[in-house]
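The values are calculated or read from the model by the stated rules, or taken from the named source; none is laboratory data. Nothing here was measured: the structure is a model prediction, and the numbers come from that model. Methodologically, a virtual Cβ is constructed for each residue, glycine included, from the backbone with ideal geometry; neighbour enumeration extends over all protein chains shown. SASA here: full protein model, heavy atoms, side chains in, ligands and nucleic acids out. Shrake-Rupley method; radii C 1.70, N 1.55, O 1.52, S 1.80 Å.
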Amino acid sequence: SFIGEESVAAGEGSILTDNPTWVIDPIDGTTNFVHRFPFVAVSIGFVVNKKIEFGIVYSFIEDKMYTARKGKGAFCNGQKLQVSGQEDITKSLLVTELGSNRDPETIKIILSNMERLLSIPIHG
């Protein structure tokens, strides 16, 4: 099976089953792409029994290929990635995205979540 982000966004129905399924977003960061903001990628995932098995993200502007496989780790251009060992949240960097849904109830939830995050004494 195939699930494409662009076709789902256009209103086509999609149901994730237990069958092996490719999940593809050919322009991940469509809004960035439209506005010529250089954070755009091609994202591909493979799901079996509704569980992700592996994923690939290619940031073509940066020429970086991110790959990950369940139980095998994550890599960037073949180099193993590791999470930070930082345990002190006040020395962390918070990055978020507001999404594109402008439904008033959704906006209320997003802003409430942002307010809680912004009250944490983070580094930036």
Is it the case that the range 54-61 has a residue that's surrounded by 14 or more Cβ atoms within 10 Å (Cβ to Cβ) and without any contact (Cβ under 8 Å) to a residue 12 or more places away in the chain?
no
Restricting to the range 39-53, and then to whatever is touching a strand residue (DSSP E or B) at 6+ places or on another chain (Cβ under 9 Å), open to solvent by 60 Å² or more (accessible area, probe 1.4 Å) and not β-branched (Val, Ile, Thr), can you tell me which residue is nearest to Val95 (Cα to Cα)?
Phe39
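Being in contact (Cβ under 8 Å) with a residue 12 or more places away in the chain, of a type in the set (Gly, Ala, Ser), surrounded by 11 or more Cβ atoms within 10 Å (Cβ to Cβ) and not in a loop (DSSP other than H, G, I, E, B) is true for just one of Ala74, Ala68. Which residue is that?
Ala68
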Could you check Thr17 against (1) under 27 Å from Leu117 (Cα atoms); (2) assigned to a loop (DSSP other than H, G, I, E, B); (3) open to solvent by less than 60 Å² (accessible area, probe 1.4 Å) and say which number it fails?
(1)
Whichever residue in the range 77-94 is modelled with pLDDT under 95 and among the aliphatic types (A, V, I, L, M) and, among such residues, is least open to solvent (accessible area, probe 1.4 Å):
Leu94
